[in-house]
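Below is one structure, written out as structure tokens; comments come after it.
The values are calculated or read from the model by the stated rules, or taken from the named source; none is laboratory data. This is a predicted model, so every value here is computed, not measured. Glycine gets a Cβ as well: all are built from the backbone with ideal geometry, and neighbour counts include every protein chain shown.
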Amino acid sequence: MHETLIQTYRQYAELCQTNVFGHRRVSPKQILQQLADSVTDDELSDQYGKGVLIERFEQEVAALLGKQSALFLPSGTMAQNIALKIWADEQQSDRVALHPTSHLLLHEENAVEALYQLKPVIVGQADQLPHLDEIKAATEVPLAAVLLELPMREIGGQLPTWEALVSQSEWLHAQNIPFHMDGARLWQCPEAYNKSLQQICALFDSIYVSFYKDLGGISGACLLGSHAFIEKARVWQRRAGGNLFALYPYVVAAREGLKMHLPQMRQRRDDALWLAGQFNQLSGISTWPHTPHSSMFHIVINAEASAFLKRSIDWMQGNGICLIRTPYKVNKNRLISEISIGDAFAKLPRAKWQETIVDFAKVVLEA
């Protein structure tokens, strides 16, 4: 019903030169030039995962997260399925515990079953954080591993309390059940928990991190764990076709992204808290959660969808600014969108954003 309007909204949102969410738009030419300038004359390409450039970066990431070893992979989909397959072989079980909103269930065309012959065991409710008693209930059948996403994107970047996370980790380890982290947005967690990356990662047996979401890389991921775990992962990387001839463009982009964006994560969480506060003052708009746990949250808009989309499109055309990312869920009187703070927010001072939000509310929400 609203497909045409959503498509038009997306088109105009992409034309906006200023966004409150995500990273600033940079052309491929600019990105490649910046990456080329960051590489020294004596750095050489990797070949099939070997070479100083890629191996040094893997060591740096392993040290940053406090794990013995790391493996650079082309994608998180590959990294996570490999991790679960390794644990399945070790535990001699094909059952893996996943939250209903896990990326493996929603966005991977069922690769976990179709390619890796693993059987998901659903843990928790789709709109809530998983609880220890739900994890315990899932272990009535032998499990290969339990996967937990931090923060949980599909429920607005929510995080379990530190105490709950520690309890889950301790109980699983007492049962000799591996605990795997989907850390696609792990970089947001230290500020939320007031803990270091190493302290957080110490609770998990294996970890996946992404380099393009919060860190602005081109693509790429790392899988981390013990030396023995990563050696097994290298075999599965080859089997899955992930041992490409050269990965250095992705490695360099990941390296530069860590340097540029990781130091900004504390400020971005502060900006998310401030921005959510501004949105929650508007009639018909609320954030989920009300107070963000991380540097992302969802926006719930209670308005007649067609009218809201049309007025928003007109407002974006006139201002060249996108305040609300293209809604991912739309029905007649309700829209839901996602906001994740990147370096785009810093383009304008808060006072200007506040002024812009007030104007948006007057033109779009109160019309």
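Which one is farthest from the chain's Cα centre (by Cα), of the residues in the range 152-190 that are part of a strand (DSSP E or B) and either of a type in the set (S, T, N, Q) or closer than 30 Å to Lys329 by Cα (or both)? Taking the candidates together, the pick is His180. For the range 175-185, check the following and say yes or no: at least one residue is among the polar types (S, T, N, Q) and touching a Ser or Thr at 6+ places or on another chain (Cβ under 8 Å). Yes, because at least one residue in the range 175-185 is among the polar types (S, T, N, Q) and touching a Ser or Thr at 6+ places or on another chain (Cβ under 8 Å). Only a single criterion out of (1) within 27 Å of Pro249 (Cβ to Cβ); (2) modelled with pLDDT of 95 or more; (3) under 22 Å from the mean Cα position of the chain (by Cα) is not satisfied by Ile122, namely (1).
Scanning the range 33-52 for residues that are out of contact with any helix residue (DSSP H, G or I) (no Cβ under 8 Å at 6 or more places or on another chain) and farther than 28 Å from Val235 by Cβ, we see that the one that is surrounded by the fewest Cβ atoms within 10 Å (Cβ to Cβ) is Asp41. All of Ser295, Ser312, Ser283 fail the test of being more than 16 Å from Arg10 (Cβ to Cβ) and buried (at least 17 other Cβ atoms within 10 Å of the Cβ), apart from Ser295.
What pairs come out if I take residues in the range 227-240 that are closer than 17 Å to Gln117 by Cβ and pair them with residues that are aliphatic (A, V, I, L, M) and outside any helix (DSSP H, G or I) whose C-beta lies under 9 Å away, six or more apart or interchain? From residues that are closer than 17 Å to Gln117 by Cβ, the pairs are Ala240/Leu73; Ala240/Leu115. Of all the criteria given as (1) assigned to a helix (DSSP H, G or I); (2) over 20 Å from Val235 (Cα atoms), the one not satisfied by Pro100 is (1). Filtering Ala272, Ala305, Ala246, Ala240 for residues that are in contact with a helix residue (DSSP H, G or I) (Cβ under 7 Å, 6 or more places away or on another chain) and not aromatic (Phe, Trp, Tyr) leaves a single hit, Ala240.
Selection of the range 184-204 for residues being hydrophobic (A, V, I, L, M, F, W, C) and either closer than 23 Å to Asn81 by Cβ or in the same structural domain as Gly342 (by TED's automatic domain parsing) (or both) yields Ala184, Leu186, Trp187, Cys189, Ile200, Cys201, Leu203, Phe204. Condition check: at pLDDT 95 or above, touching a Phe, Trp or Tyr at 6+ places or on another chain (Cβ under 6 Å) and surrounded by fewer than 19 Cβ atoms within 10 Å (Cβ to Cβ). Does Val358 satisfy that? It is false that Val358 is at pLDDT 95 or above, touching a Phe, Trp or Tyr at 6+ places or on another chain (Cβ under 6 Å) and surrounded by fewer than 19 Cβ atoms within 10 Å (Cβ to Cβ). The residue that is nearest to Thr291 (Cα to Cα), among those in the range 339-367 that are over 25 Å from the mean Cα position of the chain (by Cα) and in a loop (DSSP other than H, G, I, E, B), is Pro349. Scanning the range 289-302 for residues that are of a type in the set (A, V, I, L, M) and touching a helix residue (DSSP H, G or I) at 6+ places or on another chain (Cβ under 9 Å) gives Met296, Ile299, Ile301. Here is a check on your reading of the model: is Gln125 of a type outside the set (A, V, I, L, M, F, W, C) and in a loop (DSSP other than H, G, I, E, B)? Judged against the criteria, Gln125 is a match. Contact annotation: residue pairs with Cβ atoms under 8 Å, 6 or more positions apart or on different chains, pairing a residue in the range 117-136 that is farther than 16 Å from Pro151 by Cβ with a partner that is of a type in the set (Phe, Trp, Tyr), are Leu132/Trp171; Ile135/Trp171; Lys136/Trp171.
If the condition is being surrounded by fewer than 18 Cβ atoms within 10 Å (Cβ to Cβ), in contact (Cβ under 8 Å) with a residue 12 or more places away in the chain and part of a helix (DSSP H, G or I), then the range 315-324 contributes Gln317, Asn319. Taking only pairs six or more apart or across chains, which ones have beta-carbon atoms under 8 Å, a first residue in the range 325-338 that is at negative phi and outside any strand (DSSP E or B), and a second residue that is surrounded by 12 or more Cβ atoms within 10 Å (Cβ to Cβ) and modelled with pLDDT under 95? Within 8 Å, no pair qualifies. Say whether the condition of being under 28 Å from Trp162 (Cβ atoms), of a type in the set (S, T, N, Q), under 23 Å from the mean Cα position of the chain (by Cα) and buried (at least 19 other Cβ atoms within 10 Å of the Cβ) is met by at least one residue in the range 81-99. No. Residues in the range 290-325 that are closer than 20 Å to Asp343 by Cβ and among the hydroxyl-bearing types (Ser, Thr, Tyr): Ser294, Ser295. Filtering the range 329-342 to residues that are surrounded by fewer than 16 Cβ atoms within 10 Å (Cβ to Cβ) and farther than 25 Å from Ala305 by Cβ leaves nothing. The residues in the range 140-151 that are under 14 Å from Ala184 (Cα atoms) and more than 9 Å from the chain's Cα centre (by Cα) can be counted, and the count is 2.
Residues considered: Ala233, Ala272. Of these, the only one that is within 18 Å of His293 (Cβ to Cβ), buried (at least 22 other Cβ atoms within 10 Å of the Cβ) and either aliphatic (A, V, I, L, M) or outside the structural domain of Phe360 (by TED's automatic domain parsing) (or both) is Ala272.
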